[in-house]
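Notes follow once the structure below has been shown.
The values are calculated or read from the model by the stated rules, or taken from the named source; none is laboratory data. From a predicted model like this one, the values you see are computed outputs, not experimental measurements. Note: ideal-geometry Cβ built from the backbone for every residue, glycine included; neighbour counts use all protein chains shown. What goes into the accessible areas is simple: the full protein's heavy atoms, side chains included, and nothing from ligands, DNA or RNA. Shrake-Rupley method; radii C 1.70, N 1.55, O 1.52, S 1.80 Å.
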Amino acid sequence: MSTEERLAITENIYAYSYHWDGQDVDRFLTVFTDDALWEFFPSGANQPEVSLRGHAKIRAWAAERLGRRKGKFVSRHFQTNIVFDALTATSARTRTMVLVTHHVVEDAAPRLILTGVYHDEHVKTTQGWRLRHRAVHHDHAASHVSRT
């Protein structure tokens, strides 16, 4: 796989953060295939706490979550240390470390919300590289998903 292909996958990974943190649901969906699967696993869990398949479910969940926080706090997803575990001309698997902060409007500084690792499956589409599956593996058992 070429450096350009790796860069395109990496840019899509980063676009996930920018679109989510920018609270732009429509652009957030552009990082996924139409039938994508997004899952959230607290530490030690064998089954996902949240499992969303397809744009409609991801859109509804994202719109509801982002709507609750609008005007209250801003999130920042810091993705780093991307490792390519598998590469072909049309698919890839990566792991990416993530650190998420929330900055409440009234607070002077952001606070750490979670750390973890994204386990991703990417596919090359006619629109470019897209996430087919993102499994969020939390580093701790306490979930923030239902609260924010």
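Any idea what angle helix 55-69 forms with the longest principal axis of the chain, computed on alpha-carbon atoms, 0 to 90 degrees, nearest 10?
So the inclination is approximately 30 degrees.
From Cα pairs below 8 angstrom and at least 6 apart in sequence, can you work out the relative contact order of segment 70-129, rounded to a whole percent?
32
What does the charge dipole of the chain about its Cα centre add up to, to the nearest 20 debye, if the Cβ of each Lys and Arg holds +1 and the Cβ of each Asp and Glu holds -1?
Details: 19 positive and 17 negative charges, 66 e Å.
Value, rounded to 20: 320 debye.
Given a 1.4 Å probe, how much area per residue of segment 1-45 is accessible, in Å²? Before the final figure, lay out the partial values.
Numbers: 2150 Å² over 45 residues.
In whole numbers, segment 1-45 has 48 Å² accessible per residue.
Just the Kirkwood number for segment 68-148, please: inverse of mean 1/r across all distinct Cα pairs, in Å, one decimal.
Details: mean 1/r = 0.0692 Å⁻¹.
Here the Kirkwood hydrodynamic radius works out to 14.4 Å.
Specify whether the C-alpha gyration tensor of segment 34-83 places it in the rounded, prolate or oblate class, a ≥ b ≥ c being the square roots of the eigenvalues: rounded for a/c under 1.5, otherwise prolate if a/b is larger than b/c and oblate if not.
Working: a/c = 1.57, a/b = 1.15, b/c = 1.37.
Taking the square roots of the gyration eigenvalues as a ≥ b ≥ c, segment 34-83 is oblate.
Can you give the net charge of the other residues whose Cβ lies under 10 Å from the Cβ of residue 91, counting K and R as +1 and D and E as -1? Could you put the intermediate results ahead of the total?
Working: positive: 93, 124, 132; negative: 121.
Residues close to residue 91 contribute a combined charge of +2.
For segment 22-109, what relative contact order do you get, as a whole percent, if you take Cα pairs closer than 8 Å and at least 6 residues apart?
Details: 99 pairs, mean separation 18.2, N = 88.
Result for segment 22-109 is 21 percent.
With θ set to phi - 60°, apply the Karplus curve 6.51 cos²θ - 1.76 cosθ + 1.60 along segment 72-81 and write out the HN-Hα couplings as whole Hz, x wherever there is a Gly or Pro.
Whole-Hz 3J(HN,Hα) from phi for segment 72-81: 9, 7, 10, 9, 9, 9, 9, 9, 8, 6.
With an 8 Å Cα cut-off and a minimum separation of 6 or more residues, compute the relative contact order for the chain in percent.
Values: 279 pairs, mean separation 37.2, N = 148.
Answer for the chain is 25 percent.
Roughly how big is segment 1-71's charge dipole about its Cα centre, with Cβ charges of +1 (Lys, Arg) and -1 (Asp, Glu), in debye to the nearest 20?
Values: 9 positive and 11 negative charges, 79 e Å.
Approximately 380 debye in magnitude.
I'd like the FRET efficiency for residue 74 and residue 35, computed as 1/(1 + (r/R0)^6) with the beta carbon distance as r and R0 of 25 Å, rounded to 0.05.
On the way: r = 30 Å, r/R0 = 1.22.
Step by step, r from the Cβ atoms, then E = 0.25.
If we count every other residue with Cβ under 10 angstrom of residue 125's Cβ, Lys/Arg +1 and Asp/Glu -1, where does the sum land? Show your work: numbers first, answer last.
Working: positive: 124, 130, 132; negative: 34.
Net local charge, residue 125 excluded: +2.
Report, to the nearest whole %, how much of the accessible area of segment 1-134 belongs to carbon and sulfur atoms, 1.4 Å probe, protein only.
Details: 3800 of 7180 Å².
C and S fraction of accessible area: 53 percent.
Using +1 on the beta carbon of Lys and Arg, -1 on that of Asp and Glu, and nothing else charged, what's the dipole of segment 68-126 about the Cα centre, debye to 20? Don't skip to the answer; put the middle values down first.
On the way: 9 positive and 5 negative charges, 50 e Å.
I would put it at about 240 debye.
What length, rounded to one decimal in nm, is gained on full extension from residue 1 through to residue 83, with 0.36 nm per residue of separation minus their alpha-carbon distance?
Details: separation 82, 0.36 × 82 = 29.52 nm, distance 1.40 nm.
Here the answer is 28.1 nm.
Can you give the Kirkwood hydrodynamic radius for the chain, in Å, rounded to one decimal and based on Cα pairs?
15.8
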